[in-house]
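Read through the structure below, which is laid out as structure tokens, and then see the notes.
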Amino acid sequence: MFVLTLADARERQERLLAWGAAAGLEPGVFVEGVDLRRASDGFQAPVDGEERRRQRYGRPALTPPEYGCALGHRRLWSLLEERDLGWALVLEDDARPTRADWRPAVAALTTLLEASSLRGRPWVVHLAIDDHRRRTLALQPLTWSSPVPPECPGLGAVDPRLGCLWTTTAYLISRAAARALLADEASLPCLADDWEQRLQRRTVDPLLATRTALFLPDQTLDSQIEHRTRTPSRRIDRPRRKLLTLAYRAGWFARRH
């Protein structure tokens, strides 16, 4: 289990440790991300496929905080290889559990996945999909060859033709997926939460989500990416990003890969 945080996010870390104390959460789970919030106005992340990025996000490059967030998640993914882990639970430091038995539920999920035909495949399971997002995703049913543990929450597959998924609050990731993501985005990460692109490129396959959220973001905390962006004219808010995704999927922009 890893929690992505920043060096000055002491309040977030203390809140996380407070609710996680009963579940054995310890300070060692925190992994410091890459903080580019105070990057100079002239900073620009490296550009790879400028025209494609402009079509996808409405601009050629990620803002400094977005780039730092993407690099932070890459740092977490690399730990699976370094520590010889088959999978990992990744949380951002604003994640909060929706149920007291989240740890047995996570264990049941991983037991089910590792006993299935998905073992060794680059799967990702999102654990923080709220009711509204889940309805728009129209999760596809799954069948299992082995019995489903009673603690296991329902799972569905994300179909990129039916809905987009933008979140990195809480997810399970296999070692194969972490390795594939690191290799595929070696030149430049995409937005940390652009899972649709990864699914379309089959970097992640399958992309799954629980039918009930095990975690949700703490709405009392401000965004560490958006509210400190020094160049707000370059920032795309979430509603506009979703509109661009729909336009991209419908073919309103010429796709170039």
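Coordinate-derived values only; no laboratory data. Keep in mind that what you see is a predicted model, and the values were worked out from it rather than measured. Glycine also receives a Cβ, built like all others from the backbone with ideal geometry; neighbour counts cover every protein chain displayed.
Taking amide H as placed 1.01 Å from N in the peptide plane, the amide H of Arg96 sits under 5 Å from that of Leu216, Asp218, each at least 5 places away or on another chain. Ranking of Ile129, Ile173, Ile225 by neighbouring Cβ atoms within 10 Å, starting from the fewest: Ile225, Ile173, Ile129. Using θ = phi - 60° in the Karplus curve 6.51 cos²θ - 1.76 cosθ + 1.60, the 3J(HN,Hα) couplings for segment 121-129 round to 9, x, 8, 9, 10, 8, 10, 10, 9 Hz; x is entered for Gly and Pro. Ranking of Thr220, Thr111, Thr167 by neighbouring Cβ atoms within 10 Å, starting from the fewest: Thr220, Thr111, Thr167.
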